[in-house]
Amino acid sequence: MTIEIELRDVEDADYAIFFEHRSDEGAARMAAFGTKSNSASEMAARLKKSVAEGTTTCLKTVLHEDAVIGLVAVFLNEGRRTMSLAARAREVR
């Protein structure tokens, strides 16, 4: 079985979905991440600032069957390029 995903530039409406994903306790526990933001708009501002400052070098929305399922970020961590994927589990046909 081949599962196709697509990456695209982040759109403003995506931040609410990212925030929902990161606020899901089960997903946060499984992925060992939480959210540093109290709202989708705060998350958007934090991520946009990170891109503007050059800390985050790539920020993409992950799509499956035209639905937003996650976020891919490439950022600098102690001078080393690191990739992070935050995604919500969903049943794939």
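None of the figures in this text is laboratory data; all of them are computed from the coordinates on show. Keep in mind that this is a model prediction, so the values were computed, not measured. A quick note on method: Cβ atoms are made from the backbone with ideal geometry, for glycine too, and the neighbour counts reach across all protein chains shown.
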Original post:
Using the Cβ atoms and a cut-off under 11 Å, what net charge is assigned to the surroundings of CYS58, where Lys and Arg are +1 and Asp and Glu are -1?
Top reply: +1
Subject >> Potential lengthening between THR55 and MET1 on full extension [0.36 nm per residue; Cα-Cα distance subtracted] >> reply: 15.8 nm
